[in-house]
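The next block holds one structure in the form of structure tokens; read it before the comments.
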Amino acid sequence: MIFEFDAEVFRWTARTQDWFFAAVPDEISADIREIPRMPRGFGAVRVRARIGGSRWETSIFPDSDRGTYILPLKRSVRDAEGIGSDGVVRVGLETVDA
């Protein structure tokens with residue numbers, strides 16, 4: 001399945017290193033949970049992601065605090081797309097586990 005959405009960028013405060021994520025919206029997270037697939041560690045779902053001109057493969061993970069999936073934002077993507085420590089980004093996401 002392919003999704004496109006605006007996502008809040010946030011820093012993971014449980015770590016001392018700078019780990020940044022984009023929050024997948026509630027409705028899209030619910031749709032992704034419904035996709036039949038083989039279980040993976042930590043509830044991860046493999047995806048192809050796009051922000052601006054940057055494309056990469058990664059996994060999204062369920063975040064129990066938010067009740068949604070979160071997309072890790074690699075430093076190279078943040079640098080290339082001028083993504084700061086907060087704000088909103090436009091994300092294209094394609095699940096590849098289904």
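Rule-based calculations on the coordinates, nothing more; no lab input. Predicted model, so just to flag it, every value in this text is computed and none were measured. Ideal geometry is used to build each Cβ from the backbone, glycine not excepted, and the neighbour counts take in all protein chains shown.
Just how large is the dipole of the chain about the Cα centre, in debye to the nearest 20, putting +1 at every Lys and Arg Cβ and -1 at every Asp and Glu Cβ?
On the way: 14 positive and 16 negative charges, 90 e Å.
The calculated dipole for the chain is roughly 440 debye.
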Query raised in the report: Computed over the Cα atoms of the chain, what is the ratio Rg over Rh, Rh following Kirkwood?
Result: 0.93
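For the range 1-44, which GluC sites (Glu not before Pro) are both in a DSSP coil and crowded by at most 10 other Cβ atoms within 10 Å? Before the final figure, lay out the partial values.
Values: sites: Glu4, Glu8, Glu27, Glu34; in loops: Glu34.
Passing both the DSSP loop test and the Cβ count: Glu34.
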Requested in this report: Would you work out which of Ser85, Phe10, Thr58 lies farthest towards the positive end of the dipole of the chain, given +1 charges on the beta-carbon of Lys and Arg and -1 on that of Asp and Glu, about the Cα centre?
Outcome: Thr58
Requested in this report: Could you list the chymotrypsin sites (Phe, Trp or Tyr not before Pro) in the range 2-98 that lie in coil according to DSSP, counting only those with at most 16 other Cβ atoms within 10 Å of their Cβ?
Outcome: Trp12, Trp19
**Report entry** Cα centroid of the range 61-98 to Cα centroid of the range 1-47, whole Å
**Finding:** 7
Requested in this report: Give me Glu94, Glu57 ranked fewest to most by other Cβ atoms within 10 Å of their Cβ, as a rough exposure proxy.
Outcome: Glu57, Glu94
Query raised in the report: Once both labels are modelled 7 Å past Cα along the beta-carbon direction, what's the Met38-Met1 spacing in nm?
Result: 2.1
